[in-house]
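Take a look at the structure below.
The values are calculated or read from the model by the stated rules, or taken from the named source; none is laboratory data. All values derive from a computational prediction rather than experimental measurement. Counting neighbours? That spans all protein chains shown, and the Cβs are built from the backbone with ideal geometry, glycine included.
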Amino acid sequence: MPKIIIMMFVLSMGWVQAFDKIQAIAGCKEDNITVCYALATHLTTGANGENQETMKEGLGYMRKACVYGEKKACDKLGENYLKNKSYGAARPYLVDACNRGIKTACEAVGTIFRDGHDIRQNDVKAREFYTKACDLQSGDACHNVAIMYRGGFGVTKSREQEKRFYQKGCDLGLVVGCERFTDLDNEDKGIETGLWVDIKAWWK
């Protein structure tokens, strides 16, 4: 079996030793992006990821894998920058990942715009990315969109849309979405809900 194939198998199992790392570095320098990504993953995860110098080295290989087209490497870079609160560096990677249908990336970009992390705060953009995440089955993102319609953040207030997104969150298993939708729906039907109902019940 060719030496490079053996090395790739060893990398994938997480058993890299000094000689294997040397072979992986050589393969990466020859623009073998699969090897670059495997090496980068090994150097940035587990115990290696807790060592600052090793992590820095691994991110260098991760960037190279990303530049040469390994989208998983780009996603890992975005996740790492986000984890370290380097929002400006994370954003382009997260936007790309969101456009490829990665739910958590869409959520993260929505939050970056909503809270103005290393960028001018923008509710319209926040709603855009939260809506994408909601469409990708994120109950939390649906809830965030509902709140934006409730408060008129970057959008015209709409009780109908607020209820719609609470319902979508509920359908995705978000309990608070179910509760908010039920409260609003009951109000629309003239059914009393909430604390006032509990207070009146004490006097019966």
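Key figures
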| quantity | calculated |
| --- | --- |
| Elements of type helices (runs of 4 or more DSSP H) contained in the range 138-190, each with 2 or more residues being hydrophobic (A, V, I, L, M, F, W, C) and surrounded by fewer than 16 Cβ atoms within 10 Å (Cβ to Cβ) | 175-188 |
| Single condition CYS74 does not satisfy, out of (1) assigned by TED's automatic domain parsing to the domain that holds GLU162; (2) touching a residue at least 12 places away in the same chain (Cβ under 8 Å) | (1) |
| Selected residue [among the polar types (S, T, N, Q), touching a helix residue (DSSP H, G or I) at 6+ places or on another chain (Cβ under 7 Å), without any contact (Cβ under 8 Å) to a residue 40 or more places away in the chain and closer than 30 Å to ASP115 by Cα] from ASN48, ASN99, ASN80 | ASN80 |
| From the options ALA40, ALA89, ALA26, residue that is outside the structural domain of LYS125 (by TED's automatic domain parsing), closer than 25 Å to ILE112 by Cβ and either touching a strand residue (DSSP E or B) at 6+ places or on another chain (Cβ under 6 Å) or not aromatic (Phe, Trp, Tyr) (or both) | ALA40 |
| Residues within the range 22-52 that are over 16 Å from TYR68 (Cα atoms) and either modelled with pLDDT under 85 or not in a helix (DSSP H, G or I) (or both), tallied | 6 |
| ASP118 being touching a helix residue (DSSP H, G or I) at 6+ places or on another chain (Cβ under 7 Å), of a type outside the set (A, V, I, L, M, F, W, C) and assigned to a helix (DSSP H, G or I) | no |
| Residues within the range 100-139 that are of a type in the set (Gly, Ala, Ser) and within 11 Å of the chain's Cα centre (by Cα), tallied | 6 |
| Some residue of the range 135-158 being at pLDDT below 95 and among the polar types (S, T, N, Q) | no |
| ALA108 being in contact (Cβ under 8 Å) with a residue 12 or more places away in the chain, more than 30 Å from ILE25 (Cα to Cα), among the small types (Gly, Ala, Ser) and surrounded by 20 or more Cβ atoms within 10 Å (Cβ to Cβ) | yes |
| Flag for SER86 being at pLDDT 90 or above and among the hydroxyl-bearing types (Ser, Thr, Tyr) | yes |
